[in-house]
Amino acid sequence: MYDTIIIGAGMSGLAAGIRLAYYDQRVCILERHYTIGGLNSFYRLRGRDYDVGLHAVTNFTPKGAKRGPFARLLRQLRFRWEDFTLAPQIGSAIRFPGVELRFGNDIRLLEAEIAARFPREKDRFQQLLRELVDYDDLQQEHFNMSAREVLGRTLRDPLLIEMLLCPLMWYGNARERDMAFGQFCIMFRSIFLEGFARPFRGVRPILRNLVKRFRSLGGELRLRSGVNRIVVEDGRATGVVLDDGQQIAARRVLSSAGFVETMRLCEDITRVETDLAGQLSFVESISILDKQPAELGHDRTIVFYNDSDKFHWQTPREGLCDMRTGVVCSPNNYAYDPSDGQLPDGVIRITSLASFDRWTTLNEEQYRLEKLHWYDCMAASAVRFMPDFRAHVIDTDMFTPNTIRRFTWHDNGAVYGAPEKRLDGTTHLKNLFLCGTDQGFVGIIGAIVSGISIANQHCLKD
């Protein structure tokens, strides 16, 4: 009998497991995949290491900071700042036709950019900042208000509203077209008020440290151990049955699989509202270059682009992908410690919106050809907003909604899960709880904090 079974060995599940193991709980983390990390995982291809989902670690704060999600997770999981080996971004940008807003890990740069390009909005933007500081992230009553409506009451220039929404939706919004104001506040703080960073060696050291700490505390991690169903008796989860038929008992179950996906596992649920699942999925190309991007004139860490004054944020209505908006990320453009040197290759990652339904209907040959076609389309779209790197590509890879589904098991390959979040992590069962994306926090730091907070609220009370 375990105290807690955790479904999923992503960031939130691992963090929850560590937190509970510190209090001598007997914890077992079950992962269907052959590796850990969920969407924030890694692989090796043709002699090179690749991260699956990592563009940046958001919520970055410098060493010694006492406030913020990153400082909180260090305290709660008893890690040192050095254990994450984070290097801050050099600087990022939002690019729309004819206008650019640069930003970094100091809000003063964005304030200066807005004052220069939208001078009439300078004071209103300061008012917005004050409202964001006062907002309670976990206040469910106001969480789901329309971000567009709230911004429209404070700011007057529609273009500035669209430009502010662009990076926040790209890095943490499961809704089409609009954004929950609570999610807007979370993402604004994590990106603009705190900022981006990255470990020199990618996501591996973070995952390695989490697993090492979990196991050192007596936690059990089982890979290739998918959960077939959650056993329910008298309104309580009493354990799980694995894909191989093995049954495991526990006093409680914590799931990072997503709300709809978790409900489908519950044997007392006869019908799951699948339309509650998220719809937004991505394709991402990875280009290996024979030069550092900065040598080609591209010195930005991340560029969020959109090719009109109206930001496009919805599942493609036609075709497999939407080329009107995207994200360019270069892992090379972080301020790494000089002792680490430079990454061995130049890297450009480009992300675009994609249709899960259309990608999953392709046969093997069609799938291969479409990946080649859309790689070219994504590069052509991105070079409208950055220097043309295509003559320097020496290797490529690409993932699609099919890949996201395989690594996360999320319905529709939804990167950010369901649009409606369960902020308190509760479900219809007294001892079944949610952590991770569908609890309301996204990104690496957000996912870790989610696991910690749900463990504290619901699994350490008794």
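The values are calculated or read from the model by the stated rules, or taken from the named source; none is laboratory data. Small disclaimer: the values here were computed from a predicted structure and weren't measured. No Cβ is skipped: glycine too gets one built from the backbone with ideal geometry, and neighbour counts run over all protein chains shown.
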For Asn332, the lone unmet condition from (1) touching a Ser or Thr at 6+ places or on another chain (Cβ under 7 Å); (2) in a loop (DSSP other than H, G, I, E, B) is (1)
Residues in the stretch 437-450: is at least one touching a helix residue (DSSP H, G or I) at 6+ places or on another chain (Cβ under 6 Å) and farther than 21 Å from Leu168 by Cα?
-> no
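Does Pro167 satisfy being farther than 26 Å from Gly64 by Cα and touching a strand residue (DSSP E or B) at 6+ places or on another chain (Cβ under 7 Å)?
Here the answer is yes, as Pro167 does meet what is asked.
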Within the stretch 104-115, is there a residue that is at positive phi, touching a residue at least 60 places away in the same chain (Cβ under 8 Å) and touching a strand residue (DSSP E or B) at 6+ places or on another chain (Cβ under 6 Å)?
-> no
Do the conditions hold for Arg95, that is, is it out of contact with any strand residue (DSSP E or B) (no Cβ under 7 Å at 6 or more places or on another chain) and in contact (Cβ under 8 Å) with a residue 40 or more places away in the chain?
-> no
Among the residues of the stretch 237-252, count how many are within 25 Å of Gln457 (Cα to Cα) and either surrounded by 15 or more Cβ atoms within 10 Å (Cβ to Cβ) or β-branched (Val, Ile, Thr) (or both).
-> 8
Just name the residue that is surrounded by the fewest Cβ atoms within 10 Å (Cβ to Cβ) out of those in the stretch 43-56 that are assigned to a loop (DSSP other than H, G, I, E, B) and more than 18 Å from the chain's Cα centre (by Cα).
-> Gly47
For the stretch 420-462, enumerate the residues that are of a type in the set (Phe, Trp, Tyr) and modelled with pLDDT under 95.
-> Phe441
For residues in the stretch 258-288 being polar (S, T, N, Q), crowded, with 23+ Cβ neighbours inside 10 Å and in contact with a Ser or Thr (Cβ under 6 Å, 6 or more places away or on another chain), which is farthest from Asp178 (Cα to Cα)?
-> Ser287
Show the residue pairs that are 6+ apart or on different chains and have beta-carbon atoms under 6 Å apart, the first residue being within the stretch 367-389 and assigned by TED's automatic domain parsing to the domain that holds Gly326 and among the small types (Gly, Ala, Ser), the second being surrounded by 13 or more Cβ atoms within 10 Å (Cβ to Cβ) and in a helix (DSSP H, G or I).
-> Ala379/Arg390
Hey, Ser255 touching a residue at least 24 places away in the same chain (Cβ under 8 Å), surrounded by 18 or more Cβ atoms within 10 Å (Cβ to Cβ), among the polar types (S, T, N, Q) and farther than 22 Å from Leu20 by Cβ or not | no
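Quick grid of which residues meet (1) in the same structural domain as Phe441 (by TED's automatic domain parsing); (2) within 25 Å of the chain's Cα centre (by Cα); (3) within 28 Å of Gly413 (Cβ to Cβ):
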position: Val211; (1), (2), (3): yes, yes, yes
position: Leu223; (1), (2), (3): yes, yes, yes
position: Leu242; (1), (2), (3): yes, no, yes
position: Arg251; (1), (2), (3): yes, no, no
position: Thr262; (1), (2), (3): yes, yes, yes
position: Cys266; (1), (2), (3): yes, no, yes
position: Arg271; (1), (2), (3): yes, no, yes
position: Ile286; (1), (2), (3): no, yes, yes
position: Asn306; (1), (2), (3): no, yes, yes
Picking from Arg406, Arg358, Arg368, the residue that is farther than 29 Å from Val99 by Cβ, in a helix (DSSP H, G or I), at pLDDT below 95 and of a type in the set (D, E, K, R) would be Arg406
Among the residues of the stretch 126-137, is any touching a Gly at 6+ places or on another chain (Cβ under 7 Å) and either modelled with pLDDT of 95 or more or surrounded by fewer than 16 Cβ atoms within 10 Å (Cβ to Cβ) (or both)?
-> yes
Failed condition for Leu423, given (1) out of contact with any Phe, Trp or Tyr (no Cβ under 7 Å at 6 or more places or on another chain); (2) touching a residue at least 60 places away in the same chain (Cβ under 8 Å), with all others met?
-> (1)
Scan the stretch 69-76 and give yes if some residue there is closer than 20 Å to Arg215 by Cβ and either small (Gly, Ala, Ser) or in contact with a Lys or Arg (Cβ under 9 Å, 6 or more places away or on another chain) (or both), otherwise no.
-> yes
Do we have Gly218 as over 18 Å from the mean Cα position of the chain (by Cα), not charged (D, E, K, R) and not assigned by TED's automatic domain parsing to the domain that holds Pro344 here?
-> yes
